[in-house]
Each structure stands twice: as C-alpha cells, then as structure tokens.
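Since the structure comes first, as structure tokens, the remarks are kept for the end.
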Amino acid sequence: MIEVHAFATPNSVKVPIALEELGLAYELRPVNVRKGEQTDAAFLALNPNGKVPVLVERDGDAPFVLTESAAILVHLAETIGRLLPTQGPGRARVFEQLFFHASALSPAFGNAGFFKRSSPEPQPIAEARFSAEAERILDLLETKLATQRFAAGDDFTIADIAHFGWLWRRAFPGVTLDDRPNLSRWYDQIAARPAVQRAIARVEALVPAA
C-alpha cells in the first residue's frame, strides 16, 4: 500500500502525477497546509521538516517513509523502471534538471509568491529580486524547449513532472507563459496527459469546499 500525504500544492501534485503515470495504486491523505496541519505532531512524526508531500510504503511491519518530492520521484521511477533512463547522458540530463528545479526554480517561485502574497510586511526589494529570478528561469526553459520536446531531452521524464508542478501553480508567484511559445507548448502537452489530469483532479479534491 502506498500512501501520499499531500495537499493541492506545487510540490505535492508531482507525486500523484508520477504514480498515475506509472500505474501504481495509492491513497491520498490530506494535510491541509492552509490550516497548519503540517505542524501537527502526527505529521511531524513522518516528516520533522513539516513539509508535504510525504510518501509512505507499507509492506510488512516497518513502513518506508520518504520526503522531498524530487527524491520521491526518483524512487518511484527506479522502482518501476520508467520515466528515468537507467544510465548514460540521458540519466544525467534528468538529474541536471531535477537539481536545477530544487536549487533554482522551486525556491525562486516559492519566494516570489511569498513576498507578493504572504509576507507580513511589504518587502519590495525581495519581491523584485525573486520575481525577476522566476522570470529569468522561465526564459531559460523557453530557450531549452526550443530545441527539444521535454525538459531533459526528447522523452517525458520525472524532470518534466517536477517543473510542471510549479507551473501548474504559477499564479502564486505571479508569472505567466505569455510570449513563451515553447514553454506553452510543453505545458499544454503535459496538461493534456490523462495521468496528469487524473492526478490533478485527485489533489484538488483534497481542498475542502468553501
């Protein structure tokens, strides 16, 4: 049994997308970060860092608990043998994009959104810095996708799933795909995948009705 503790967040959605793409059954366990449930003792016992998503595989007496969305994506891909090349330059390119996502795209988008929407006091310098960085990163991806179909080459991989999560929630940092035809093509192609649509529907259902 696979459990995914998650909410409708950019990082959370990556894991159900991978599971749907890989054809693995799973159960979603909601962690409402808007209500601070990520700080509950029960959740912190799974992830002391207090972040979603968390993957729990129950097989026998000792569950396997894994945090960090990129690590979860690698684990799932390697378990099934899909969405990640097993060797060579193709594998290195996927990891290159995963590390770029973790070190550049995700923090830039997250911080841009925080200083635009969640900061207790206006921080114009920080907002400008991270917003500009988010735009720069989108331009890098736009250039890359001008010469290849997907983020790490010509095949759909977990690198695309990682990037897609934040672009799905791009309204939070306040960025758009306007005037980026290659990135728009890539996004629309992934959003049209049945597995992606199933995952998004399940994740969005975690949000309580207003």
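Data for the structure
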| read-out | value |
| --- | --- |
| Pair list, Cβ < 7 Å and 6+ apart or interchain, from the stretch 154-179 residues that are without any contact (Cβ under 8 Å) to a residue 12 or more places away in the chain to residues that are among the charged types (D, E, K, R) and open to solvent by 10 Å² or more (accessible area, probe 1.4 Å) | 176/170 |
| Qualifying positions in the stretch 59-100 - under 21 Å from residue 43 (Cα atoms), touching a Leu at 6+ places or on another chain (Cβ under 7 Å) and in contact (Cβ under 8 Å) with a residue 60 or more places away in the chain | 70 |
| All positions within the stretch 107-129 that are in contact with a helix residue (DSSP H, G or I) (Cβ under 6 Å, 6 or more places away or on another chain), open to solvent by less than 40 Å² (accessible area, probe 1.4 Å) and closer than 13 Å to residue 175 by Cα | 108, 109, 112 |
| Selected residue (criterion: farthest from the chain's Cα centre (by Cα)) from residues of the stretch 170-192 that are surrounded by fewer than 17 Cβ atoms within 10 Å (Cβ to Cβ) and part of a loop (DSSP other than H, G, I, E, B) | 179 |
| Lone qualifier among 56, 74 - being touching an Asp or Glu at 6+ places or on another chain (Cβ under 7 Å) and either on the phi > 0 side of the Ramachandran plot or aliphatic (A, V, I, L, M) (or both) | 56 |
| Qualifying residue in the stretch 107-116 (condition: among the polar types (S, T, N, Q) and modelled with pLDDT of 95 or more) | yes |
| Which numbered condition residue 156 fails, given (1) outside any helix (DSSP H, G or I); (2) under 14 Å from the mean Cα position of the chain (by Cα) | (2) |
| Residue, farthest from the chain's Cα centre (by Cα), within the stretch 1-51, restricted to residues that are among the β-branched types (Val, Ile, Thr) and open to solvent by 20 Å² or more (accessible area, probe 1.4 Å) | 39 |
| Any pair with Cβ under 8 angstrom, 6 or more apart, that starts in the stretch 10-29 at a residue that is over 20 Å from residue 170 (Cα atoms) and ends at one that is outside any strand (DSSP E or B) and charged (D, E, K, R) | 20/198; 21/82; 21/193; 22/82; 28/202 |
| Selection count, the stretch 193-206, where residues are within 17 Å of residue 12 (Cβ to Cβ) and open to solvent by 40 Å² or more (accessible area, probe 1.4 Å) | 6 |
| Residue match in the stretch 136-143 (condition: surrounded by 14 or more Cβ atoms within 10 Å (Cβ to Cβ), part of a loop (DSSP other than H, G, I, E, B) and in contact with a Leu (Cβ under 9 Å, 6 or more places away or on another chain)) | no |
| Meets criteria (open to solvent by 10 Å² or more (accessible area, probe 1.4 Å), more than 18 Å from residue 199 (Cβ to Cβ), modelled with pLDDT under 95 and hydrophobic (A, V, I, L, M, F, W, C)) for residue 62 | yes |
| Residue check for residue 56: buried (at least 16 other Cβ atoms within 10 Å of the Cβ), within 23 Å of residue 169 (Cα to Cα) and under 20 Å from the mean Cα position of the chain (by Cα) | no |
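Conditions (1) modelled with pLDDT of 95 or more; (2) touching an Asp or Glu at 6+ places or on another chain (Cβ under 7 Å); (3) aliphatic (A, V, I, L, M), marked per residue:
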residue: 150; (1), (2), (3): yes, yes, no
residue: 154; (1), (2), (3): yes, no, no
residue: 160; (1), (2), (3): yes, no, no
residue: 164; (1), (2), (3): yes, no, no
residue: 174; (1), (2), (3): yes, no, no
residue: 178; (1), (2), (3): yes, no, no
residue: 190; (1), (2), (3): yes, yes, yes
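The values are calculated or read from the model by the stated rules, or taken from the named source; none is laboratory data. None of these values were measured; they are calculated from a predicted model. Note that we place each Cβ from the backbone using ideal geometry, even for glycine, and neighbour counts take in every protein chain shown. We work out accessible area using only protein heavy atoms, side chains counted, and drop any ligands, DNA or RNA first. Shrake-Rupley method; radii C 1.70, N 1.55, O 1.52, S 1.80 Å.
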